[in-house]
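What follows is calculated from the coordinates using simple rules that are stated; it is not laboratory data. Please read all numbers here as calculations on a predicted model, not as lab measurements. All Cβ positions, even for glycine, are placed from backbone atoms using ideal geometry, and neighbour counts span all protein chains on display.
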Amino acid sequence: MQGVGPGKSYFARDPQGRLVGYTEVYGHPNRPQVIHQGATGVRPEHRSVGLGRWLKAAMLERILERQPQARFVRTGNADSNGPMLRINHALGFKPYVSNVVWQVPADKVAGYLGED
Ligand SMILES: CC(C)(COP(=O)(O)OP(=O)(O)OC[C@H]1O[C@@H](n2cnc3c(N)ncnc32)[C@H](O)[C@@H]1OP(=O)(O)O)[C@@H](O)C(=O)NCCC(=O)NCCS
C-alpha cells in the first residue's frame, strides 16, 4: 500500500488457501488525510473468533505505517449489525455522520401507478 489511492484490501485465507475474510480501504489522492475503511467480511463458519477485528486492526496499523498524512479513518456500520458495532467500538471509532435509507416495496409503487 503506497498511499491508499483507489483502494487496497487484506485477505485472510485458511491453511488450504481458501478465502475466509477480507477488509478494504480506499481514499482520494487529493485528500490523503481521510481514509475510508469500506466493507469487511468473514465467512460464517469462521466468525466470532476475532478474525474480523484482526483484519480491520491490521489494516489500520498498515495505514499508520504507510500513509502518514492520514488523520481520520472513516467506516460505516448499520445500527442492526451487532458484531461490527462491537469491533468498531473496540477499535475506537465514534459516530460521525449518520444516514437513513428509505425503502418502498416495488409492488406498492406499482399499486400507486395503477398497475396491480
Ligand atoms: C461483521 C463480521 C465481519 C465480523 O466478523 P468476525 O470475524 O465474526 O468478528 P470478530 O470475531 O472479530 O468480532 C465479532 C464480535 O462481535 C461479537 N458478536 C457476535 N455476534 C454478536 C451479536 N449478535 N451482537 C453483538 N455482538 C456480537 C463477538 O462475540 C465478537 O466480540 P468479542 O470478540 O468481543 O467477543 C462478520 O459478522 C460478517 O462478515 N458479517 C457479514 C458482513 C458484514 O455485515 N460486514 C460489515 C459491514 S461492511
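Points worth noting:
- Expected 222 nm ellipticity per residue - DSSP helices of 4 or more, -39500 (n - 2.57), all of the chain, to 500: -8500 deg cm²/dmol
- The distance between label points at His28 and Val49 comes to 4.1 nm (points 7 Å beyond Cα on the Cα→Cβ vector).
- Counting only the Cα atoms, the chain fills a convex hull of 175 Å³ per residue.
- Acute angle (nearest 10 degrees) that the helix 51-66 long axis makes with the longest principal axis of the chain, alpha-carbon atoms: 60 degrees
- Under DSSP loop assignment and at most 10 Cβ neighbours within 10 Å, longest trypsin sites (Lys or Arg not before Pro)-free interval of the chain: 19-70
- FRET efficiency estimate (nearest 0.05) - Cβ-Cβ, Tyr112 to Leu19, R0 30 angstrom: 0.10
- Working note: Karplus 6.51/-1.76/1.60 with θ = phi - 60° gives the range 37-49 the couplings 9, x, 6, 9, x, 10, 4, x, 6, 10, 7, 6, 10 Hz, where Gly and Pro are set to x.
- Among beta bridges that DSSP assigns inside the chain, antiparallel share in %, nearest 5: 75 percent
- For the chain, built as a Gaussian network whose Cα springs stay under 10 Å, the top-fluctuating residue of Glu45, Glu61, Glu24: Glu45
- Listed by chain and number, the aspartates and glutamates placed with their C-alpha closer than 20 angstrom to that of Lys94 are Glu24, Glu61, Asp79; residues fewer than eight positions away on the same chain are left out.
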